[in-house]
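Enquirer: Got a structure here, written out as structure tokens. Questions coming.
The values are calculated or read from the model by the stated rules, or taken from the named source; none is laboratory data. As the structure is a computational prediction, the values presented were derived from the model and not from experiment. Note: ideal-geometry Cβ built from the backbone for every residue, glycine included; neighbour counts use all protein chains shown.
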Amino acid sequence: ETGVTQTPRHLVMGMTNKKSLKCEQHLGHNAMYWYKQSAKKPLELMFVYSLEERVENNSVPSRFSPECPNSSHLFLHLHTLQPEDSALYLCASSQGPAGGTDTQYFGPGTRLTVL
Amino acid sequence: AQSVTQPDIHITVSEGASLELRCNYSYGATPYLFWYVQSPGQGLQLLLKYFSGDTLVQGIKGFEAEFKRSQSSFNLRKPSVHWSDAAEYFCAVGAGDTGRRALTFGSGTRLQVQP
């Protein structure tokens, strides 16, 4: 595997379910990011981890819970989501530590549908 | 705070024609600028980036972009479009000195290529 991978690629869940999205980067980077991409809206930054510490939480509801157990893996735990949370969730990594000047490399995304 | 505007939501060009996608940014200092491309169902792929130096930057797939400080613009160009260039294109700005740790993206321009 090379680059940034995300699993699952597609996920359908009910509002009462609990699920997790997984991201893995094989680039030796130190920073990882979660973005939300909704239809007709710019990419929204959700969380940033740098050297396994959360360094930015962009006012995301608590029903989204990130976890970064090491510099190669990033999870997004989901519970009691709402239909408006349906979107493409993109993971990215950069050499870091995280900064606005870093080139970010993106995974293919997880298409989430909340029923 | 920095911002990015992509004035054109949707552009259609004929195969072989030239292309220019517009991007205007708002940022107080020297910006770090990026163009990404997203094919359907895929993540974002970096086309090119500008940090400093020569204001005309070359990227992958025959794309180039020119940084014009006086116009706060970073337009993407390609002299001859191929059908495989049909995708969505995102301009992004990174902050080098504010501590903001991720990129600010524009809303994207969807490119359609006619045979």
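Conditions (1) of a type in the set (Asp, Glu); (2) closer than 30 Å to residue B:8 by Cβ; (3) surrounded by fewer than 16 Cβ atoms within 10 Å (Cβ to Cβ), marked per residue:
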site	(1), (2), (3)
A:16	no, no, yes
A:20	no, no, yes
A:33	no, yes, no
A:47	no, no, no
A:61	no, no, yes
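Enquirer: Oh, and also: Only residues that are more than 10 Å from the chain's Cα centre (by Cα), part of a strand (DSSP E or B) and within 14 Å of another protein chain (Cβ to nearest Cβ): list them for region B:34-81, please.
Expert: B:38, B:44, B:45, B:50, B:57
This table checks each residue for (1) buried (at least 16 other Cβ atoms within 10 Å of the Cβ); (2) under 21 Å from residue A:93 (Cβ atoms); (3) at pLDDT 90 or above; (4) touching a Phe, Trp or Tyr at 6+ places or on another chain (Cβ under 7 Å).
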site: B:1; (1), (2), (3), (4): no, no, no, no
site: B:10; (1), (2), (3), (4): no, no, yes, no
site: B:14; (1), (2), (3), (4): no, no, yes, no
site: B:20; (1), (2), (3), (4): no, no, yes, no
site: B:29; (1), (2), (3), (4): no, no, no, no
site: B:74; (1), (2), (3), (4): yes, no, yes, yes
site: B:85; (1), (2), (3), (4): yes, no, yes, no
site: B:89; (1), (2), (3), (4): yes, no, yes, yes
site: B:104; (1), (2), (3), (4): yes, yes, no, no
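Enquirer: Something else: For region A:49-59, what are the residues that are surrounded by fewer than 19 Cβ atoms within 10 Å (Cβ to Cβ) and either part of a loop (DSSP other than H, G, I, E, B) or in contact (Cβ under 8 Å) with a residue 40 or more places away in the chain (or both)?
Expert: A:51, A:52, A:55, A:56, A:58, A:59
Enquirer: Still on this model: I'm checking my understanding of the structure. Among residues of region A:64-108 that are hydroxyl-bearing (Ser, Thr, Tyr) and in a strand (DSSP E or B), which one is farthest from the other protein chains (Cβ to nearest Cβ)?
Expert: For region A:64-108, the residue satisfying everything is A:65.
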